[in-house]
Amino acid sequence: MLNYSLSGKHLLGNATLSWSANYAKASEDRPNERYYEIATDGTVDLITDFSNPDKPFAQAVDPLFQNPSNAWEFSAMTEEFQNTTDEDVNGRIDLDIPINLGSQPGSIRIGGRIRTKTKKRSNDFYEYEPTTDAVFDNSLLNTENFTKDNFLPGDYSVGSFTTKKYVGGLNLTGPDFEGEQDLSELAGNFNATERILGGYAMLRQNLGSKLLLLAGVRTGTDQPGIRRIHL
């Protein structure tokens, strides 16, 4: 994440020039995000205990279903590439020029502002199917117990899962897999740009000790090309 800001104030004779500029950029890059899933088409009998509503319990009766084993089968292997960027540029300038109407002081102020904002999301998603049983068989040899001490929900055994090292090391473009891009997952991609330009002029003039005149005009254009003028 980046954020840069500059500003200044300058005296140009009797006039005063003020300006500011800001640039900000944020991005999120998540390449090669993989998910490996095993499942079963059959019914798994469970032991349940809900006598303590603060600590419900459920566990497979068959020990083979309590951790990865040959009782399960391959279900899904996916890989996603996510990239999101957000860029914002802002600038403003104001010029204050003093004037006098007779003996009464006054000023003319003119200025403008620009704002551009661009946000882009570019994701890509693939589903893979192994061509051999070796992928599943080897996954059973590469497991890790993820049970933690002081687990916040309670004293539960999380159990074993296929390690991220094994899943991350799979060559999805090699002969062990057939892959296909899932176009439905790309529906959330976008490239949006917003541009706003604005300017104004204002007269501030004293017409006496108890009377002040304020008059001005303001104009602006946004991205769709709608132009607005306010008096």
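Can residue 117 be described as surrounded by 15 or more Cβ atoms within 10 Å (Cβ to Cβ), modelled with pLDDT of 90 or more and among the basic types (Lys, Arg)?
Details: surrounded by 15 or more Cβ atoms within 10 Å (Cβ to Cβ): yes; modelled with pLDDT of 90 or more: yes; among the basic types (Lys, Arg): yes.
In short, yes.
Beta carbons closer than 6 Å, at least 6 apart along the sequence or on distinct chains, pair a first residue in the range 154-169 that is hydrophobic (A, V, I, L, M, F, W, C) with a second that is surrounded by 15 or more Cβ atoms within 10 Å (Cβ to Cβ) for 167/34; 167/36.
Condition check: within 30 Å of residue 79 (Cβ to Cβ) and loosely packed, with under 10 Cβ neighbours inside 10 Å. Does residue 41 satisfy that? So residue 41 fits the description; yes.
Pairing residues of the range 1-26 that are within 29 Å of residue 119 (Cβ to Cβ) and touching a residue at least 40 places away in the same chain (Cβ under 8 Å) with residues that are aromatic (Phe, Trp, Tyr) and part of a strand (DSSP E or B), at Cβ distances under 8 Å and at least 6 apart in sequence or on separate chains, gives 22/4; 23/4; 24/4.
Evaluating residue 199 against the criteria (1) within 28 Å of residue 68 (Cα to Cα); (2) surrounded by 15 or more Cβ atoms within 10 Å (Cβ to Cβ) leaves one unmet condition, (1). Within the range 92-103, is even one residue within 23 Å of residue 180 (Cβ to Cβ) and not β-branched (Val, Ile, Thr)? Checking the range 92-103: not a single residue is within 23 Å of residue 180 (Cβ to Cβ) and not β-branched (Val, Ile, Thr). Looking only at residues in the range 219-231 that are closer than 17 Å to residue 109 by Cα and surrounded by 14 or more Cβ atoms within 10 Å (Cβ to Cβ), the one that is modelled with the highest pLDDT is 219.
Among residues of the range 168-215 being under 30 Å from residue 118 (Cβ atoms) and out of contact with any strand residue (DSSP E or B) (no Cβ under 8 Å at 6 or more places or on another chain), the one that is modelled with the lowest pLDDT is 187.
Go through (1) under 26 Å from the mean Cα position of the chain (by Cα); (2) surrounded by 12 or more Cβ atoms within 10 Å (Cβ to Cβ) and name the single condition residue 190 misses. Unmet for residue 190, out of (1) under 26 Å from the mean Cα position of the chain (by Cα); (2) surrounded by 12 or more Cβ atoms within 10 Å (Cβ to Cβ): (2).
So which of 58, 76 is touching a strand residue (DSSP E or B) at 6+ places or on another chain (Cβ under 6 Å), under 22 Å from residue 146 (Cβ atoms) and loosely packed, with under 11 Cβ neighbours inside 10 Å?
On the way: 76 fails: loosely packed, with under 11 Cβ neighbours inside 10 Å.
After applying the criteria, what remains is 58.
Take the conditions acidic (Asp, Glu) and in contact with a Phe, Trp or Tyr (Cβ under 7 Å, 6 or more places away or on another chain) and apply them to residue 94. Does it pass? Against the criterion (acidic (Asp, Glu) and in contact with a Phe, Trp or Tyr (Cβ under 7 Å, 6 or more places away or on another chain)), residue 94 does not qualify. For the range 55-85, the tally of residues that are more than 16 Å from residue 135 (Cβ to Cβ), in contact (Cβ under 8 Å) with a residue 24 or more places away in the chain, out of contact with any Phe, Trp or Tyr (no Cβ under 7 Å at 6 or more places or on another chain) and assigned to a loop (DSSP other than H, G, I, E, B) stands at 3.
Listed by position, the strands (runs of 3 or more DSSP E) inside the range 100-198 whose residues that are basic (Lys, Arg) and touching an Asp or Glu at 6+ places or on another chain (Cβ under 6 Å) number at least 1 are 104-130.
The values are calculated or read from the model by the stated rules, or taken from the named source; none is laboratory data. Quick caveat, the model's predicted, so the values are computed rather than measured. Don't worry about glycine lacking a Cβ; one is built from the backbone with ideal geometry, like all the others, and counts go over all protein chains shown.
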